[in-house]
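Down below is the structure, laid out as structure tokens.
The values are calculated or read from the model by the stated rules, or taken from the named source; none is laboratory data. Predicted model, so just to flag it, every value in this text is computed and none were measured. Neighbour counts are summed over all protein chains in view; Cβ atoms, including those assigned to glycine, are modelled from backbone coordinates with ideal geometry. When the accessible area is computed, the model is the full protein with side chains, heavy atoms only, and any ligands, DNA or RNA have been set aside. Shrake-Rupley method; radii C 1.70, N 1.55, O 1.52, S 1.80 Å.
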Amino acid sequence: MAMISVFALPALALGEEQTEDSATAQARARDDTKNSGAPKAKSLGKDVAGVFVNASVADSGYSPGFVMRGFPGGLTLFDGAAHGFAAQDVNLSTIDHVEFYKGPSAMLFGKALGGYGGSANYIRKAPTTESFARGTATIGAYDVYRTAFDVNAPLNDADTLLFRMTGFAQSVGSFVDHVRSRGFLVAPAGTLVLDNGDKATFRAEYHAARFVYNDGLPAAPIFLHAPRSFYAGEPANEHETPNSADFTFTYEHAFDAAWSLTSVVDYSLNGSKYGWFLGWGYDGLHSVTLGRPARTHQASRNFDAQLRLNGRFATGDVGHSVFLGLEHWDYFYGHDETFSRDPLPNIDIGAPIYPLGVDYSGAQWSNGAARAWSRSVYAQDLIDLSPQWRILLGGRYDLLAQRETTFDPFGALSGTSSSTLGKGTRGYFSPRAGLLFRPDDETHLFAAFGRSLIPNISVRVRGGDAPPPQQDTQYEIGFERRFPEFKARFEAALFDVTRDHVAIADPAAPGGFYSLVTGRQHSHGVELHLSAEILPGLQASSAATFLHAVVAKDSNVPSQAGSDLLGAPRRVFSISLDYKPEWDVLRGLELGASYYYASAAEATLPNVYGFTLAPQQMLGASLGYRFDEHWKLDVSASNLTDRPNFISSGALYRGEPRSISATLSFKY
């Protein structure tokens, strides 16, 4: 699984001998230098150009959500494989590093069912030949208490049987009333190295949690001034109990130094119970409306099997780096809902009164199931025409099938009694191509094109057929220059992304049960990144993104056409400084500072004149000290200016106030 960057072969990889996307490689390198065993939630993605952290980031031990190049991050990838259609919570204690795929690198290989906005690929910790035991204990603002462990050991003298186990437990409060969580995770893994060098790895993971969900706030200007502790929901109805299990088997075989074969089988199960409301919103005066409460029980399972052949050969003076892949992917999702007959009273912003419970006697109900599967083949050839020129040619064919049923006898979901069936099977080809020119070893210029698709699962259209998937088309050109004498690197990229077949609400179905698949979204912009060692021991990294992401077409009324997409500020800047003094008297000390800025963003779709979110600004600082080879203390502070930093994803979320946390780490 460590070779996922090779299989991904992003377009930027045209200039990398190790076939890594330079954006991917940079993100990984910066995360590796900043963490002490796992990436940090508060900093993850903030110094990667083209990535906006569209989440109320807290010191929770879980990865935040991202918007990449104007679009929400696609499927969550684990070692290159997805566990379903939607992004999911990722516990960072099990993660070695994170690769950010953007543009034509995003989710075409290893997982086609995504989009060219981008995706975060979480590379999980794997067994090694080293023997160690690591642990961390964290305490922080808002009742953060967390412990994590990572134990690795060969089980025989020949280092042919390896074992590693990671784990995590935490309890976290919040600055928002009633919001709290607790959970744990355990993930054992074992690797068997055979006499011929083949490697077989089996990994298992189980995660369980219990928490009260934070609904955010209705998207209305009055809520920008609500007390930061205000909870806009009903705590008695919003306890969630997610749990998941995942099993992964990987087999790696090298035919010789040039050719290798990898097979991966991944099976995951997820389930949860959670509460929500049919009438959540704003009454136009001073209160949050809830309407009728509902409870949902949902479960999903995902199966993914891949076979990848990777190799190198030459035809005359022309070199080829090729790979071929086969994938079978099958996803199932089932749900059932219970709806209370009586609505709950409104909640006043200034004097909230919450019911002590919800009455589900004589409740109404609905249920449904969705399934999608694909059989795919993909291939790519990276052609070395000369030391200066490279060409990338590749493509993927997916035979995608979808089925969905919904039974709503009381009309609680759709507004009228309904029973629907959606089905469809269709093939899709996703091409990609790239061209690289290297005038010298330190300068790379490239151009790339790619297309991908995203299934519109759980989207219901009138007529009974499954809706066509979203399809993304992207063009990109870029430049990279390295300055070895200054240990510096500069990157720039221009991109243009069009997303077609976006599902929008059917104006003939005001309840939102049915959709039309006619929308189009468009994003274009510039990404810049610069890193350098500006003084001995002082590393600086900066990133900037300039983009414009809008709704290009929408058949709904009122039209959203021309509106900026949510979570897509037009300018994002970040800079970070990390200093490790080289004087013996200060050996072991580490200092850090960071600044993050995102310009004003729209709060609603369609955009409402005058209702925008103020620019985000976050100033952070860190102090670390390594006492010896075993013990280290890290103290970090975020949002030092205590700005509210609202974000919007249809609801408003206030960013975490000023906070500080301390982590004690050990390794033996």
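At a glance:
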quantity: Candidate set from segment 300-326 (those that are within 22 Å of the chain's Cα centre (by Cα) and over 30 Å from residue 365 (Cβ atoms)); member that is surrounded by the fewest Cβ atoms within 10 Å (Cβ to Cβ); calculated: 305
quantity: Some residue of segment 252-271 being closer than 27 Å to residue 173 by Cα, touching a residue at least 12 places away in the same chain (Cβ under 8 Å) and touching a strand residue (DSSP E or B) at 6+ places or on another chain (Cβ under 9 Å); calculated: yes
quantity: Residues located in segment 539-555, provided they are open to solvent by less than 30 Å² (accessible area, probe 1.4 Å) and not hydroxyl-bearing (Ser, Thr, Tyr); calculated: 540, 543, 544, 547, 549, 550, 551, 554
quantity: Check on residue 128, modelled with pLDDT of 95 or more and either β-branched (Val, Ile, Thr) or part of a strand (DSSP E or B) (or both); calculated: no
quantity: Residue tally, condition within 30 Å of residue 373 (Cα to Cα), open to solvent by 70 Å² or more (accessible area, probe 1.4 Å) and charged (D, E, K, R), over segment 455-486; calculated: 2
quantity: Every residue from segment 327-354 that is buried (at least 16 other Cβ atoms within 10 Å of the Cβ) and among the β-branched types (Val, Ile, Thr); calculated: 338, 347, 349
quantity: Segment 315-343 residues that are in contact (Cβ under 8 Å) with a residue 12 or more places away in the chain, paired with ones that are of a type in the set (Phe, Trp, Tyr) and outside any strand (DSSP E or B) (beta carbon under 6 Å, 6 or more apart); calculated: 338/360; 340/360
quantity: Long-range neighbours under 7 Å by Cβ, at least six apart or interchain, first residue over 27 Å from residue 524 (Cα atoms) within segment 68-84, second at pLDDT 70 or above and open to solvent by 20 Å² or more (accessible area, probe 1.4 Å); calculated: 84/331
quantity: Residue under evaluation residue 171, criteria (1) among the hydroxyl-bearing types (Ser, Thr, Tyr); (2) within 23 Å of residue 630 (Cβ to Cβ); (3) in contact with an Asp or Glu (Cβ under 8 Å, 6 or more places away or on another chain); (4) open to solvent by 20 Å² or more (accessible area, probe 1.4 Å), criterion not met; calculated: (2)
quantity: Top-ranked residue in segment 237-273 [being outside any strand (DSSP E or B) and either touching a Phe, Trp or Tyr at 6+ places or on another chain (Cβ under 6 Å) or of a type in the set (Phe, Trp, Tyr) (or both); ranked as surrounded by the most Cβ atoms within 10 Å (Cβ to Cβ)]; calculated: 238
quantity: Of all residues making up segment 629-661, the number that are open to solvent by 30 Å² or more (accessible area, probe 1.4 Å) and either in a loop (DSSP other than H, G, I, E, B) or over 20 Å from residue 600 (Cβ atoms) (or both); calculated: 16
quantity: One residue from 414, 430, 386, 452 being outside any strand (DSSP E or B), open to solvent by less than 50 Å² (accessible area, probe 1.4 Å), touching a Phe, Trp or Tyr at 6+ places or on another chain (Cβ under 9 Å) and not aliphatic (A, V, I, L, M); calculated: 414
quantity: Odd one out for residue 31, checked against (1) open to solvent by 20 Å² or more (accessible area, probe 1.4 Å); (2) modelled with pLDDT under 80; calculated: (1)
quantity: Among (1) assigned to a loop (DSSP other than H, G, I, E, B); (2) over 30 Å from residue 601 (Cα atoms) - the single one residue 205 does not satisfy; calculated: (1)
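The rows are residues; the columns are (1) in contact (Cβ under 8 Å) with a residue 12 or more places away in the chain; (2) more than 20 Å from residue 656 (Cα to Cα); (3) among the hydroxyl-bearing types (Ser, Thr, Tyr); (4) open to solvent by 20 Å² or more (accessible area, probe 1.4 Å).
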| site | (1), (2), (3), (4) |
| --- | --- |
| 175 | yes, no, no, yes |
| 180 | yes, no, no, yes |
| 187 | yes, yes, no, no |
| 192 | yes, yes, no, yes |
| 210 | yes, yes, no, yes |
